[in-house]
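Report on one structure; see the data block that follows.
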Amino acid sequence: METLNDNLNDFTELDDLRQQIAALKNKVDQQGRLNEALVKKTIQGKMRSLHHNLFWYCLIVGLFVPFMVWDFIESGISWAFIIFTIVMFAGSFVAEYLINRMKISGMGDDLVETARKLMQMKRNRKKQLIIGFCTIAIWLPWYFYEIYKTTASELGPESLATFILIILISMTAGVVIGLSIGLSFYRKLQRTNDEMIDQINDLTREQ
């Protein structure tokens, strides 16, 4: 009789243990789904912020380009340089769109695939930066030549030397300011990507 009671007690304890394990597993699964939902919501919010910043950046630069082109035309700068400038900015805008296009509503449905796309976005943005530096390396000396060509015949030697010095100082200041703003924006975008990737990696490691 005692053996039967002991067996019944062991069975009850085993059943209780199974129920506790099942409850714990269910709780872990629920917590995992909750964490995944929170990560999904967070990365979608970060991507919206990234798209919002890109929109305003492209809008401001896009509004500046027509005034710059108008100034080039009024200054007598060659159409070859003007067309090159327009193509340079247009290419930059198209590249920004192609690099950062990602449907926000679908982000996080497949965390591994989302992380892969974010990594590809980072690599493409770095390539764009390198191409941009190469393009500017062509644009700047060409711009200086165009300015020199349109003013050399109108100024004497001393005035021309002073004018060239002013242009060089202005161009240097413009490059420094432009690079500071551009690199700051670039680092912000890359940092946002890193934060999203890190959150996905942390969650997948927990799972």
Which of (1) over 21 Å from Lys126 (Cα atoms); (2) outside any helix (DSSP H, G or I); (3) not basic (Lys, Arg) does Met102 not meet, given it meets every other one?
(1)
In segment 96-135, residue surrounded by the most Cβ atoms within 10 Å (Cβ to Cβ) [restricted to those that are at pLDDT below 90, of a type in the set (A, V, I, L, M) and under 17 Å from Tyr57 (Cα atoms)]
Ile99
Give me the pairs: first residue in segment 154-179 and under 16 Å from Phe144 (Cβ atoms), second residue open to solvent by less than 70 Å² (accessible area, probe 1.4 Å) and at pLDDT below 70, beta-carbon distance under 7 Å, and six or more apart or on different chains, which are they?
Leu160/Ala152; Phe163/Leu155
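Yes/no matrix, rows are residues, columns are (1) of a type in the set (D, E, K, R); (2) in contact (Cβ under 8 Å) with a residue 40 or more places away in the chain; (3) out of contact with any Gly (no Cβ under 9 Å at 6 or more places or on another chain):
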position	(1), (2), (3)
Ile83	no, no, yes
Ile86	no, no, yes
Ala90	no, no, yes
Ala95	no, no, no
Asn100	no, yes, yes
Asp110	yes, no, yes
Ala115	no, yes, yes
Arg125	yes, yes, yes
Residue list for segment 74-92, filter: open to solvent by less than 60 Å² (accessible area, probe 1.4 Å), assigned to a helix (DSSP H, G or I) and not hydrophobic (A, V, I, L, M, F, W, C)
Ser75, Thr85, Gly91, Ser92
If you check every pair at least six apart or on different chains, which have Cβ atoms under 7 Å apart with a residue in segment 139-151 that is under 14 Å from Phe163 (Cα atoms) and open to solvent by less than 60 Å² (accessible area, probe 1.4 Å) first and a residue that is not hydroxyl-bearing (Ser, Thr, Tyr) and not in a helix (DSSP H, G or I) second?
Glu146/Ile77; Thr150/Gly76; Thr150/Ile77
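The values are calculated or read from the model by the stated rules, or taken from the named source; none is laboratory data. What you see is a predicted model, and the numbers here were worked out from it, not measured in a lab. Positions of Cβ are generated from backbone atoms using ideal geometry, with glycine treated the same way; all protein chains shown enter the neighbour counts. The area values use the complete protein model at the heavy-atom level, side chains included, leaving out ligands, DNA and RNA. Shrake-Rupley method; radii C 1.70, N 1.55, O 1.52, S 1.80 Å.
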